[in-house]
């Protein structure tokens, strides 16, 4: 039946196309197909059927959709927006059909919108014409006028939010301001002349300076007598009043100053108030101001210092005399010679003096000692028992260590003795340096060995060989585990190398203990790190150094990851993959298991398909891909799935046809699907 229907459809289409070419490329569908309108390229004629535009979901006309770049003039019906969209030069535009409703004061007649004007004003309706009283202040809702009077003003009252009429608080410009001259004032004048307030006036007040109230008649509350003064009089306080009097006769009229020649007098005399000034004259260097260097007495002058100027028995310096010096805190600048014994008080017998901080002669009896009785030298001890004894390091703090003897030789050089004795220096049980036989014939030599069978680094019995760095085990040579240690087989005949303090494990030749997460690194011939291994969460991570982690990740428990440290399967590839020699590179395989469709119902239609969407997390809408849809239920007759594709990120769209006779619901636990997408 399906094949027959398809043949019929094809026949009809061929017939229509043939008709189109025969009739000037015109096409008419419906009744009277041969009766054509010559002006119509496509004509539809039916009283029972209509023209059905293409029906698509909105994502098809958006960026990334199949119709996003369609030609201008295309018309489609968007099912999820229930609207027509037209493709214009600026993009897809929605075609809206709206109904206008007349509001207050507006009327609509056909295509004409009219303004009916103001409905009402001041109790009048209809077309309102201005009338007396329309614009009185009383018409305003925030103005209250009570008993208005001449020259009142409006004032805003915040408490009531109203404007009210009040009497003006300002002076009427017809009022006058008069200023009159009082005591001590000679005149008052206004400019411009006048006394009313209708203009801005400047008032000038002149004081009568001949009036006594403007002259001083007291000082500090004491009256000044009115006696007329004479030229040169002084104001004198007498009998509780100030009065002018003549200056007293006689007195000093000039003062002079005379000093020795060592002074320079800049102002030698004054005849009135002033200052007598004198300064010392400049002198040559290294002169002192003193009396004569020898008798007889004379006026002091500036001269050079002589030895006789220094007092005897001074405690501040050393005198060049034979008197025994007992004073302390002296300083000798220059060279000196001690012709006898020098005694320094306060030092401990046996101490060897040295110059300490600040050039001070110091001692440290416990660290530097000379036994004068036995002629023994102690360094680090004050009880030496050998000609020279060094007792340990100077300190136990860094950089010193308690494990050193306190003796260090620097600038070492090798030399061959003229007569070899095969002896070397050693230490006996008392700590004395002694000569002993050279063990070089059996020891491992850092400079090279003649025979590795007798000269080697290691042990000759079943004792572990340990190499340490900074007192931490670097590696250990040992035997394999015994049966008791392994809990199974005996591996004790094997030789093991344990790195970084690793513990034994069966008979593995090399066992490495990690430093934190780091296990082993690999460098190229130039010494550049290229690869390294580390342990993360119990798994082994193969790292391309400074490039990428998880090139290969062996998860604790069995899963293997490529590009991920959380493999969710036996092999989990976080990225593209290729299987087979000629296989295709895949970006991913995604499954949505036992899910419902996003679309909940498929309407019945013999001519329209329905787009049903599913959510598949992770898929890329730009890559397309192969889509496999497996329903977990049986389709009814005439419900068909005809195509499927990746339509957007995380979205698969399937096209269904439902001709069952009624809408088909996709809701419920029984209507579930398994979706597989290969990209």
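Report every pair of residues separated by at least 6 positions or lying on different chains whose Cβ atoms are under 8 Å apart, first residue within the stretch 630-652 and free of Cβ contacts under 8 Å to residues at least 12 places away in the same chain, second surrounded by 12 or more Cβ atoms within 10 Å (Cβ to Cβ).
635/641
Of all residues in the stretch 218-235, count the ones that are closer than 20 Å to residue 246 by Cα and assigned to a loop (DSSP other than H, G, I, E, B).
Counting residues in the stretch 218-235 that are closer than 20 Å to residue 246 by Cα and assigned to a loop (DSSP other than H, G, I, E, B) gives 9.
Determine, yes or no, whether residue 565 is in a loop (DSSP other than H, G, I, E, B), under 36 Å from the mean Cα position of the chain (by Cα) and not assigned by TED's automatic domain parsing to the domain that holds residue 497. Break it down stepwise before answering.
Details: in a loop (DSSP other than H, G, I, E, B): yes; under 36 Å from the mean Cα position of the chain (by Cα): yes; not assigned by TED's automatic domain parsing to the domain that holds residue 497: yes.
When the stated conditions are applied, residue 565 passes them.
Please enumerate the residues belonging to the stretch 647-656 that are assigned to a strand (DSSP E or B) and either within 20 Å of residue 594 (Cβ to Cβ) or more than 56 Å from the chain's Cα centre (by Cα) (or both).
Narrowing the stretch 647-656 to residues assigned to a strand (DSSP E or B): 647-648, 651-656.
Across the stretch 647-656, the qualifying residues are 651, 652, 653, 654, 656.
Among (1) closer than 24 Å to residue 618 by Cβ; (2) free of Cβ contacts under 8 Å to residues at least 24 places away in the same chain; (3) within 41 Å of the chain's Cα centre (by Cα), where does residue 579 come up short?
(3)
Is there a residue being closer than 30 Å to residue 243 by Cα and outside any strand (DSSP E or B) anywhere in the stretch 168-183?
Of the stretch 168-183, the ones closer than 30 Å to residue 243 by Cα are 183.
From the residues that got through so far, the ones that are outside any strand (DSSP E or B) too are 183.
So far as the stretch 168-183 goes, yes, one or more of its residues are closer than 30 Å to residue 243 by Cα and outside any strand (DSSP E or B).
In this structure, is residue 556 closer than 27 Å to residue 480 by Cα, touching a helix residue (DSSP H, G or I) at 6+ places or on another chain (Cβ under 6 Å) and assigned to a loop (DSSP other than H, G, I, E, B)?
Numbers: closer than 27 Å to residue 480 by Cα: yes; touching a helix residue (DSSP H, G or I) at 6+ places or on another chain (Cβ under 6 Å): no; assigned to a loop (DSSP other than H, G, I, E, B): yes.
The answer is no for residue 556.
Just one of (1) assigned to a loop (DSSP other than H, G, I, E, B); (2) closer than 30 Å to residue 435 by Cβ; (3) modelled with pLDDT of 80 or more trips up residue 411, so point out which.
(3)
How many of the residues making up the stretch 30-58 are free of Cβ contacts under 8 Å to residues at least 24 places away in the same chain and either at positive phi or surrounded by 10 or more Cβ atoms within 10 Å (Cβ to Cβ) (or both)?
If we filter the stretch 30-58 for residues that are free of Cβ contacts under 8 Å to residues at least 24 places away in the same chain, which is where we start, we get 30-51, 54, 58.
Pick out the ones that are also either at positive phi or surrounded by 10 or more Cβ atoms within 10 Å (Cβ to Cβ) (or both) and you get 30-33, 36-37, 40-46, 49, 54, 58.
Result for the stretch 30-58: 16.
Could you check the stretch 155-167 and list, in sequence order, the residues that are surrounded by 12 or more Cβ atoms within 10 Å (Cβ to Cβ) and under 30 Å from residue 200 (Cα atoms)?
155, 165, 166
Hey, among 146, 183, which residue is touching a helix residue (DSSP H, G or I) at 6+ places or on another chain (Cβ under 9 Å) and exposed (fewer than 10 other Cβ atoms within 10 Å of the Cβ)?
Values: 146 fails: touching a helix residue (DSSP H, G or I) at 6+ places or on another chain (Cβ under 9 Å).
Being touching a helix residue (DSSP H, G or I) at 6+ places or on another chain (Cβ under 9 Å) and exposed (fewer than 10 other Cβ atoms within 10 Å of the Cβ) holds for just one of 146, 183, which is 183.
Looking at 500, 506 in this structure, which one is touching a helix residue (DSSP H, G or I) at 6+ places or on another chain (Cβ under 7 Å), assigned by TED's automatic domain parsing to the domain that holds residue 473 and either surrounded by 14 or more Cβ atoms within 10 Å (Cβ to Cβ) or in contact (Cβ under 8 Å) with a residue 40 or more places away in the chain (or both)?
Checking each option against the conditions leaves just 506.
Could you tell me whether residue 488 is part of a loop (DSSP other than H, G, I, E, B) and modelled with pLDDT of 80 or more? Can you show your working first?
Details: part of a loop (DSSP other than H, G, I, E, B): yes; modelled with pLDDT of 80 or more: yes.
So residue 488 fits the description; yes.
What are the residue pairs meeting all of these: first residue in the stretch 393-416, first residue surrounded by 10 or more Cβ atoms within 10 Å (Cβ to Cβ), second residue not in a loop (DSSP other than H, G, I, E, B), Cβ atoms under 7 Å, and 6 or more apart or on different chains?
Listed by first residue and then by second, the contacts come to 405/390; 406/390; 407/390.
Looking only at the stretch 286-323, how many residues end up being modelled with pLDDT of 65 or more and surrounded by 11 or more Cβ atoms within 10 Å (Cβ to Cβ)? Spell out how you get there, then give the answer.
Pass one, the stretch 286-323, residues modelled with pLDDT of 65 or more: 286-312.
Okay, now just the ones that are also surrounded by 11 or more Cβ atoms within 10 Å (Cβ to Cβ), so 287-293, 300-306, 309-310.
The number of residues fulfilling the criteria is 16.
Scan the stretch 603-615 for residues that are over 51 Å from the mean Cα position of the chain (by Cα) and closer than 17 Å to residue 669 by Cα and jot them down.
Within the stretch 603-615, no residue meets the criteria.
Taking the options 282, 275, 271, 266, name whichever one is modelled with pLDDT of 85 or more and over 30 Å from residue 339 (Cβ atoms).
Values: 275 fails: modelled with pLDDT of 85 or more; 271 fails: modelled with pLDDT of 85 or more; 266 fails: modelled with pLDDT of 85 or more.
Checking each option against the conditions leaves just 282.
Run residue 194 past the list (1) in a loop (DSSP other than H, G, I, E, B); (2) surrounded by 12 or more Cβ atoms within 10 Å (Cβ to Cβ); (3) touching a strand residue (DSSP E or B) at 6+ places or on another chain (Cβ under 6 Å) and report the number of the one that doesn't hold.
Every listed condition holds for residue 194 apart from (3).
Residues of the stretch 348-365 being modelled with pLDDT under 90 and assigned to a loop (DSSP other than H, G, I, E, B), which ones?
356, 360
Pick out the one residue from 626, 587, 594 that is surrounded by fewer than 17 Cβ atoms within 10 Å (Cβ to Cβ), out of contact with any strand residue (DSSP E or B) (no Cβ under 6 Å at 6 or more places or on another chain) and within 22 Å of residue 65 (Cα to Cα). Give the steps one after another, and end with the answer.
Details: 626 fails: out of contact with any strand residue (DSSP E or B) (no Cβ under 6 Å at 6 or more places or on another chain); 594 fails: within 22 Å of residue 65 (Cα to Cα).
The match here is 587.
Please go through the stretch 657-674 and give me each residue that is in a loop (DSSP other than H, G, I, E, B), more than 60 Å from the chain's Cα centre (by Cα) and surrounded by 12 or more Cβ atoms within 10 Å (Cβ to Cβ), ordered by number. Even if it seems obvious, please write down each step before you answer.
The initial filter retains those residues of the stretch 657-674 that are in a loop (DSSP other than H, G, I, E, B), namely 659-663, 666-672.
Then keep just the ones that are more than 60 Å from the chain's Cα centre (by Cα); that gives 659-663.
Selection gives 659, 660, 663.
The values are calculated or read from the model by the stated rules, or taken from the named source; none is laboratory data. Bear in mind the structure is a predicted one, so any value in this text is a computation, not a measurement. Note: ideal-geometry Cβ built from the backbone for every residue, glycine included; neighbour counts use all protein chains shown.
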